[in-house]
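Worksheet: one structure, shown below.
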Amino acid sequence: MKKRLQMNFLAIAAVSILTVLLLTSIVLYNLFQEEVMENLQVCAYVLETDVENVEMLEQAMQNIKRKNDIRVTIIDPQGNVLSDSKVESHDLENHQNRPEVQGAIEKGEGKAIRTSSTLSKASFYYAVKMKSGNILRLSKESQSFLSFLIQISPFISGIAIILFFVCMLLSRLLARSIVRPIETLACNMGSGKPVTTYKELTPFITTIQEQHEDIVKSSQMRQEFTANVSHELKTPLTSISGYSELIENGMAKGEDAVRFAGEIHTNANRLLTLINDILQLSELDDRDFSDDFTMVNVSEIIDKCVELLTLNAKKHDVSLVTQEVPEKVMVKGSPKMLEELIYNLIDNGIRYNKEKGTVYIRVEEQEHTVQLRVVDTGIGISKEHQERIFERFYRVDKSRSKATGGTGLGLAIVKHIVVCHKATIEVHSKEGEGTELVVTFQKTDD
Ligand code: ADP
């Protein structure tokens, strides 16, 4: 970027230098033209007042010719050349059509500049009408613009080169001063230090820093998740390895063998559930499900989940009660995901319940929303844990969670599904009394 900025600055500087020098040359040449014309005018004035007749004029012309290269021509009002200081007058054609002569005849004076065919010379003409009616014309051959340019070119090139080097130095300093804050920003990105740059960059820096923080945070979360997953997988695998080793060494006899096999079975199931939850979370992380959304009847899904969990509820001596659930409550979403959500909430209601407890499932349909409530009469969650239960692998009572087949991922999956459906979830709970989880879906028109 620095090189490109520098090259751009230099290109602009080069074009500007050349333009300025060219314009200056034009102005200088114009001044030079005016100067030559003024000289001719003064000479003509002197000649016109001093010279009364042609003889005197001839004498004056000889003097001028000797002193400088001004050519004097006397022309009669019809354009015939009466006398010329350089060429024999009868060799010259009629001059009536020459612009300077015409000007002098019509307005008393005329001027003209003519460039030679090779463009190397320019002739300056000044003509004035004398008292006698004849025209006095003075001309001087001088430099054309091209030869003027060629003459001053060493000087111009010198200035151009010096200016170009100065611009090169300045452009390097300028490019460096523009790029330096960006380089400082790049170096200090992760350090959290405040970076002072120009104000135009502030929104850009804020966005980049926010994105950087997000990336760092998400990478930390991934690292944490990977560490947690490894740890969670290790425990059941260690048990399986230990029990199977005992069986292998012939140390499991009779009832022990059955117990060990049971432990292996339980831990293998734990592993399966854990892997299942992890896969589900990573699928939710990676895929946008909104394309698969259809209109889903929540009541049907509740019935299905209750049916699937009835045995489990019996095992825990907990009753499942669906209350005020209309036959048809439509929500836009993924049937598979909504089943997972409702299943997890009822399952938690059973697992964290007390003996002879109840789990109530309610659905309330309002004008713009559909609210699903899963209420249990269980152990409840204290205030400080309520905010964290949706984090991956967060468990209030680890041993109870494990004993009931929990992975610590159920509510993380629920939260993910809720976000996917642009819904919200709230927890109302009192320790020892029970918990209520409320999911609010927005109704859509289709
Ligand atoms: P787990 O697999 O451990 O149940 P979840 O993500 O489903 O993991 O829940 C996280 C934690 O939140 C649980 O370990 C439990 O401590 C607490 N929890 C969830 N639901 C309830 C509930 N209905 N009553 C009491 N505690 C609950």
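Here, each number is a calculation from the coordinates, and none is a lab measurement. What you see is a predicted model, and the numbers here were worked out from it, not measured in a lab. Glycine also receives a Cβ, built like all others from the backbone with ideal geometry; neighbour counts cover every protein chain displayed.
So the values come out like this:
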{"item": "Alpha carbon convex hull of the stretch 126-177, volume per residue in cubic angstrom", "result": "112 Å³"}
{"item": "The chain, relative contact order [Cα under 8 Å, separation at least 6], %", "result": "10 percent"}
{"item": "20 °C / 1.002 mPa s Stokes-Einstein diffusion coefficient of the stretch 76-145, Kirkwood radius on C-alpha pairs, µm²/s", "result": "171 µm²/s"}
{"item": "Dipole magnitude (debye, nearest 20) for the chain, charges at Cβ of Lys, Arg, Asp, Glu", "result": "1360 debye"}
{"item": "Three principal axis lengths of the stretch 354-405 [C-alpha, angstrom, descending]", "result": "42, 29, 21"}
{"item": "Proxy reagent accessibility, fewest Cβ within 10 Å first, across Ser241, Ser142", "result": "Ser241, Ser142"}
{"item": "Stokes-Einstein D for the stretch 100-194, Kirkwood Rh over Cα pairs, 37 °C, 0.692 mPa s (µm²/s)", "result": "174 µm²/s"}
{"item": "The chain: mean projected area of Cα convex hull, nm²", "result": "45.4 nm²"}
{"item": "Highest-fluctuation residue, Asp292, Asp214, Asp376 considered, GNM on the chain with Cα pairs under 10 Å", "result": "Asp292"}
{"item": "Tilt relative to the chain, helix 255-286 - C-alpha long axis, 0 to 90 degrees, to 10", "result": "30 degrees"}
{"item": "Anchor Lys328: lysines whose Cα lies under 18 Å away (excluding residues fewer than 8 positions away in-chain)", "result": "Lys304, Lys336, Lys443"}
{"item": "Globularity index of the stretch 320-384, i.e. its alpha-carbon radius of gyration over 2.2 N^0.38 Å", "result": "1.23"}
{"item": "Between helix 410-420 and the chain: long-axis angle, C-alpha atoms, 0 to 90°, nearest 10", "result": "40 degrees"}
{"item": "Nearby aspartates and glutamates by direct alpha-carbon distance to Lys129 (threshold 15 angstrom, same-chain neighbours under 8 apart not counted)", "result": "Glu48, Asp50, Glu52, Asp76, Glu100, Glu106, Glu109"}
{"item": "Environment charge of Ala127, counting only residues whose C-beta is closer than 14 Å and scoring Lys/Arg +1, Asp/Glu -1", "result": "+2"}
{"item": "Residue-averaged 222 nm ellipticity for the chain, from DSSP H runs of 4+ at -39500 (n - 2.57), nearest 500", "result": "-19500 deg cm²/dmol"}
{"item": "Cα-Cα P(r), the stretch 315-446, percent of pairs per 5 Å interval", "result": "2, 10, 20, 25, 20, 13, 7, 2, 0, 0"}
{"item": "Share, in percent, of DSSP beta bridges within the chain that are antiparallel, nearest 5", "result": "90 percent"}
{"item": "Helix 335-351 vs. the chain, principal-axis angle (Cα, 0 to 90°, nearest 10)", "result": "50 degrees"}
